Each structure stands twice: as C-alpha cells, then as structure tokens.
Ligand code: ADP
Ligand code: ASP
Ligand code: MG
C-alpha cells in the first residue's frame, strides 16, 4: 500500500465544480488501496483577495494578523474538499497547519518549516484513506499562525512527503509539467520528462513559478521524488529527481524570466576598504535579499556599484541607500524598476564552453542591451529592459533549439 502526497494549486480548486472533480479523482485513486494525503492551496485569486481586504484598512498590515487572514483561504478549500469527498460517500478528514503540527519559525509571511510531528496525520490516515491538509500555513513556538510565502503550498506538500516518507509527491497544476520555457510565453515549449533537483532549483529561483523554490530544497535534501503534472489531463508530467549521468548530455534544458527585480546603482563611491560592508550592512539588516552585485574598478580611486533587489523592496532600499550614499561621499543613486532577468539553465554547461557566447550573440541579434550578467556552474543570467522579456525568451528558446517542431 503506497502513501501518496498530492498537492492541488489554486486553479485546480478554483470553483466548486473543480473541487468536485479533484474529489472524484482522489477517490478513484484511493480505491486502488493507496493512502492519500491531499494538500490544497486556496481557491484561485483568494489569497490576493484577502491581501486586498487588509490593504483597505492599512498599506502595511501587521504581519501576524496578515498571516491569520491569509491562512483562511486554505481553510475554505480543504473544508469544501472534505465535504465534497463525504458527499460522494467516502471518508475524509481536513486538518489545518496547527492540527497537523507543521511547526515553523516565527518569520511571518515567509516562515520556514522546522519540524512536522506526524502522529495526528498518521492517526487520521488510519481512520480515513483520504486526509486533506491546508497548504501554505504552520504554527510557531508561541502558537501563532504563520504562512510560508506565496506559492508555499508546494513546500507544505514536499515537507509532508519527506516527514512521512511518502512514495511520491505529486504536484497537480494548470500545465502538464515543467517545460523548456513557460508554456504561456512560448507556444512551442517542450515538456521535460525529467529534471534534476539542481536544475529545478535554478528554474524556481530564477522565476519559473511552477514549483516554489523551498519545496525543491526540501525535495533535494530528503530525496523526495516530485511528479509535476496537470490536474486536467491524465498525461504523465515531469519527474524532479536526483541527477543521473545521462542528464549532463543536455546542454541547456530551459530558459526562464523574472520581472520581479529592480536595479540600483550608486555612482562615484570613494574606493576604499569597508565600503561594500557599509552599503550592504543596513540592507541585510532590513532583511532585504540582494541578488546580483557588480562593482566597477577605476584607476582614480572612484568606483560605481550596481545591485538588484526584489521589486517590492525597491523603495525601501532606495531610501536606505540614499542615506548611506551621503555618509560615504558617493555622488548619486540611480534606481530602475523597468528591468527583467532572463536566464538559461542546463547541467551540460558545466563541461561545455560557448554557451554564454551564444546567449550574448542571440540577444545582440535582437538588439537587446544587457546591463548585468551573472553566472553559476549551471546557469547564465542577464538583466535587460523589461519590455524585451518575451522577445528574449523566445529568441533564446529558438537559438538553443529547445522547442517542439513548429
Ligand atoms: P499553482 O496555482 O498550481 O501552484 P502556479 O501558477 O503557481 O500554479 O504555477 C504554474 C504556472 O507556472 C504555469 O501556469 C506557468 O505559466 C508557470 N511557469 C513558468 N515557467 C514554467 C515552466 N518552465 N514550466 C511550466 N510552467 C511554468
Ligand atoms: N494560497 C497561497 C498563494 O496564493 C499559497 C499557494 O497557493 O501555494 O500564494
Ligand atoms: Mg504555485
């Protein structure tokens, strides 16, 4: 008897009809004798709607209360799902994060799962072959409700699969798997049968929201196989698994874009020891994640420094940086929110030269200016103007021959 963790995203449970359809699908599987743990997201659009309600009261909602509010979306979907299963004559029990003992740290809005005590879940699984758990939420040491960050239901599912040593974690969504590019951007994007944890980590952190990056971190750490597949078709999807030898043969597996960063440049900084620390210390203290950093060297003891931060943190960072710039004697600070990051990812890049060359050549041919570049062993990212994102993605996808025949 297998133990399967399944997660259904917001669009998969976006209406009563869809919840009924998921309930029927889960019941069919449970008839085969497997035990099923079903993690659900809030119905499509509900989390945004809850956030908007809070914004009608205040621009900056209290983080604790916002988590209490946001977590209710998933409470609605699991209760409706349990009712749907019961209405079809089968047993089902719904559990909220705290009832399932999903214990997190105290970082409201982006809490990390520290531990899951599985006793209650196991107890319910003994009694019911179907148990449904609210995604995206947990409880901290002080018994406060926490949420895991947008898209966090994927992480709930994979963490549960790890804690329960499930046979597989299936992520059901509105596309048939992980593709060589976002299929909503690139009509001829190709579904990947398999992808390694490391590549998937890059896909997720560089903007492919099909899996939440933390869910992939969990999967890699605990070796949980993830099957990303469609809620609406029976076709097999993409397996996210440990790397195997044959995977290295593929040079580039995909192209990804992210419009969620902004760029800040500090001009004419006196080039002396301690400057980078003076600039980044207050930013790190404000819990702002800095991504790319580039410092120009100069002959006359003056330097420029450019870096990127998430767009929601842009205004706050500009405020901090303007203060610092004055203190350290820099001449000016320029900000630009009108940017995007395009990246190519592939394990085969480790052993092959010329991939960066081809990326730059492709962007040059399209007349797209690159303002920042960063590389790792298995990815290359370029910052470009936001309006060229779709053009860049399609051009790179074509020039690396990633798509299905047109
Ligand atoms: P869910 O609500 O099921 O969690 P998400 O909207 O979070 O679904 O993630 C699925 C979406 O991810 C797809 O609709 C697709 O537009 C997007 N996506 C981005 N990049 C990729 C990719 N490389 N492969 C598949 N989907 C991708
Ligand atoms: N409902 C949450 C969100 O919209 C979590 C999730 O869907 O994974 O971000
Ligand atoms: Mg998602």
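The values are calculated or read from the model by the stated rules, or taken from the named source; none is laboratory data. Since the model is a prediction, treat every value here as computed from it, not as a measurement. Methodologically, a virtual Cβ is constructed for each residue, glycine included, from the backbone with ideal geometry; neighbour enumeration extends over all protein chains shown.
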Original post:
Within segment 277-300, how many residues are in a loop (DSSP other than H, G, I, E, B) and in contact (Cβ under 8 Å) with a residue 24 or more places away in the chain?
Top reply: 7
Original post:
Got a sec? Which of 401, 354, 346 is within 16 Å of residue 250 (Cβ to Cβ), buried (at least 19 other Cβ atoms within 10 Å of the Cβ) and out of contact with any helix residue (DSSP H, G or I) (no Cβ under 6 Å at 6 or more places or on another chain)?
Top reply: 346
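So for segment 16-33 (the condition being more than 22 Å from the chain's Cα centre (by Cα) and within 16 Å of ligand 3 (Cβ to nearest atom)), does at least one residue qualify?
Residues of segment 16-33 that are more than 22 Å from the chain's Cα centre (by Cα), as a first pass: 16-33.
Subsequent filtering for residues that are within 16 Å of ligand 3 (Cβ to nearest atom) retains 18, 22.
Within segment 16-33, one or more residues are more than 22 Å from the chain's Cα centre (by Cα) and within 16 Å of ligand 3 (Cβ to nearest atom).
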**OP:** Run residue 246 past the list (1) surrounded by fewer than 17 Cβ atoms within 10 Å (Cβ to Cβ); (2) within 25 Å of residue 375 (Cα to Cα); (3) touching a residue at least 40 places away in the same chain (Cβ under 8 Å) and report the number of the one that doesn't hold.
**Re:** (3)
Original post:
Consider residue 43 against the criteria (1) more than 14 Å from ligand 2 (Cβ to nearest atom); (2) in a loop (DSSP other than H, G, I, E, B); (3) under 24 Å from the mean Cα position of the chain (by Cα): it satisfies all of them except one. Which criterion is unmet?
Top reply: (1)
Subject >> Residues of segment 51-72 that turn out to be crowded, with 19+ Cβ neighbours inside 10 Å and either part of a loop (DSSP other than H, G, I, E, B) or out of contact with any strand residue (DSSP E or B) (no Cβ under 9 Å at 6 or more places or on another chain) (or both), as a count >> reply: 1
Original post:
Would a scan of segment 367-389 turn up a residue that is farther than 30 Å from residue 197 by Cα, surrounded by 11 or more Cβ atoms within 10 Å (Cβ to Cβ) and without any contact (Cβ under 8 Å) to a residue 40 or more places away in the chain?
Top reply: yes
Original post:
Can you find a residue in segment 90-111 that is buried (at least 20 other Cβ atoms within 10 Å of the Cβ) and in a helix (DSSP H, G or I)?
Top reply: no
Original post:
Just a yes or no: is a residue in segment 115-136 surrounded by 16 or more Cβ atoms within 10 Å (Cβ to Cβ) and within 12 Å of ligand 1 (Cβ to nearest atom)?
Top reply: yes
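Looking only at residues that are touching a strand residue (DSSP E or B) at 6+ places or on another chain (Cβ under 8 Å) and more than 17 Å from residue 179 (Cβ to Cβ) in segment 220-240, which one is surrounded by the most Cβ atoms within 10 Å (Cβ to Cβ)? Talk me through it step by step, then tell me what you get.
Residues of segment 220-240 touching a strand residue (DSSP E or B) at 6+ places or on another chain (Cβ under 8 Å): 224-231, 235-240.
Subsequent filtering for residues that are more than 17 Å from residue 179 (Cβ to Cβ) retains 224-225.
Values: 224: 27, 225: 16.
Among them, the one singled out is 224.
Out of everything in segment 194-210 that is in contact (Cβ under 8 Å) with a residue 24 or more places away in the chain and within 16 Å of ligand 2 (Cβ to nearest atom), what residue ends up being farthest from residue 261 (Cα to Cα)?
Let us first name the residues in segment 194-210 that are in contact (Cβ under 8 Å) with a residue 24 or more places away in the chain, namely 194-200, 202-203, 206-210.
Add one more test, that the residue is within 16 Å of ligand 2 (Cβ to nearest atom), and what stays is 207-210.
Values: 207: 10, 208: 14, 209: 15, 210: 18 Å.
Per the criteria, the residue is 210.
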Original post:
Only one residue in 153, 180 is buried (at least 16 other Cβ atoms within 10 Å of the Cβ), near ligand 1 (Cβ under 10 Å from one of its atoms), closer than 19 Å to residue 67 by Cβ and at pLDDT 95 or above. Which one?
Top reply: 153
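Please return the ranges of strands (runs of 3 or more DSSP E) entirely within segment 198-276 where 1 or more residues are in contact with a helix residue (DSSP H, G or I) (Cβ under 8 Å, 6 or more places away or on another chain), away from ligand 1 (no atom under 16 Å from the Cβ) and closer than 26 Å to residue 7 by Cα.
On the way: elements: 226-230, 238-241, 254-258, 261-270.
Counting at least 1 such residues, we get 238-241.
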Subject >> Those residues of segment 89-103 which are in contact with a helix residue (DSSP H, G or I) (Cβ under 6 Å, 6 or more places away or on another chain) and farther than 20 Å from residue 135 by Cβ, in sequence order >> reply: 90
Original post:
Counting only residues that are within 16 Å of ligand 2 (Cβ to nearest atom) and in contact with a helix residue (DSSP H, G or I) (Cβ under 8 Å, 6 or more places away or on another chain), which one in segment 162-193 is farthest from residue 135 (Cα to Cα)?
Top reply: 174
**OP:** Could you check how many residues of segment 112-149 are within 16 Å of ligand 3 (Cβ to nearest atom) and in a loop (DSSP other than H, G, I, E, B)?
**Re:** 4
Original post:
What number of residues in segment 277-292 are touching a helix residue (DSSP H, G or I) at 6+ places or on another chain (Cβ under 8 Å) and under 19 Å from residue 336 (Cα atoms)?
Top reply: 5
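Of 78, 51, which residue is farther than 25 Å from residue 224 by Cα, within 16 Å of ligand 2 (Cβ to nearest atom) and modelled with pLDDT of 95 or more?
Numbers: 78 fails: farther than 25 Å from residue 224 by Cα.
Answer to the selection: 51.
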Subject >> Subset of segment 150-177 [more than 24 Å from residue 193 (Cβ to Cβ), more than 15 Å from ligand 3 (Cβ to nearest atom) and touching a residue at least 60 places away in the same chain (Cβ under 8 Å)] >> reply: 160, 164, 165
